[in-house]
Amino acid sequence: MTDMTQSYHYGVIGRAIRAIDDAETPLSLDELAARCGMSTAHFQRVFSSWAGVSPKRFQQYLMLGHAKALLRDRFTTLETADSVGLSGQSRLHDMFLRWEAMSPGEYARGGEGLTIFWGWFESPFGPALVMGTEKGLCGIGFAEEAGTDAAMADLVNRWPNASYVEDTSRLRPWVLSAFGVENPGEPVPLFLIGAPFQIKVWEALLRVPSGMVTTYSEIAQSIGTPRAVRAVGTAVGRNPISWLIPCHRALRKSGGLGGYHWGLERKRMMLAREALQSDPALRQGAA
């Protein structure tokens, strides 16, 4: 799948999800295709290629309240994650991450003396702004076609004193592996730039495997600050490396999606794609 194909598929899936949300009753395949301005056959191929299941199966999954179903059936207890090998050093399924963190003193200087390379790439979730240092990826943000300036400002403002150099060739091997385009099993190094509490929260997120979810309160409990649920939520929202540090897997205790820095529609797409692709049982009846 080429970079441009990924971006095109993301746009189709986004329009389809909006159509499903707006409809009072389930839409037929023909109706969904028409809402997306495509022929039925072409829409079926594009959708199934991106999601791994048919539009009908995906729609059924969403209309069942997938966030609550995930929390009920696919909740992971972070306190026991390490005992079964779910850590930041060993991710399951389609990628492996190794990471190290900037020291608190370096973080306090706002990235002073640090060179950050950046570039725009297409991804399964739309245009992605990717940043990295010599040590690994430090930022992934998402944008719609008209919002690239806002995404750039968002990440740059986190480390205002760093030097920024556009260099897609340096980042491309890591990016292709991170999004599963090429060499999906290759290690993806991460360089976490954040305050100590934020990094503890991001470490906890790295222990949540693909297709599973957790809650803000579970994260707070796992890092030894059970009353700091609101602070945990803030740290989750400040995660600079979207997708690879899976803040999209954090839900409210009620089963609500909560927030997502890059848009709830994108969060729904990430959760649904991971759950459907990681569990054969959810893929049954895909036609």
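Values quoted throughout were computed directly from the atomic coordinates according to the rules given, and no laboratory measurement underlies them. Computed from a predicted model, the values in this text were never measured in an experiment. Note: ideal-geometry Cβ built from the backbone for every residue, glycine included; neighbour counts use all protein chains shown.
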Between Ser169 and Glu186, what is the label-point separation in nm under the 7 Å Cα-to-beta-carbon projection?
1.5
Going 7 Å from the Cα of Phe197 in the Cα-to-Cβ direction, what parts of segment 214-249 have a backbone nitrogen less than 17 Å from that spot?
216-240
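Give the peptides 237-246, 169-178 in descending order of average Cβ contacts within 10 Å, highest first. It would help to have the intermediate numbers written out before the result.
Working: 237-246: 21.9, 169-178: 17.3.
In decreasing order of mean packing, 237-246, 169-178 become 237-246, 169-178.
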Counted neighbours (other Cβ, 10 Å), sorted fewest up, put His261, His9 in the order His261, His9
Can you work out the Karplus-derived ³J(HN,Hα) for every residue in segment 131-139? Use 6.51 cos²θ - 1.76 cosθ + 1.60 with θ = phi - 60°, whole Hz, and x for glycine or proline.
10, x, 10, 4, 8, x, 5, 10, x
Amide H contacts under 5 Å for Val188, restricted to residues at least 5 apart in sequence or on another chain and with H modeled in the peptide plane, are Phe96, Leu97, Arg98
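Go through 207-215, 158-166 and give me the packing order, highest mean Cβ count within 10 Å leading.
Values: 207-215: 22.4, 158-166: 14.7.
Packing order, densest peptide first, comes out as 207-215, 158-166.
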By per-residue mean of other Cβ atoms within 10 Å, what is the highest-first order of 186-195, 36-45, 109-118?
186-195, 109-118, 36-45
Quick check: pseudo-label points 7 Å beyond the Cα along Cα→Cβ at Ser103 and Arg252, how many nm apart are they?
4.2
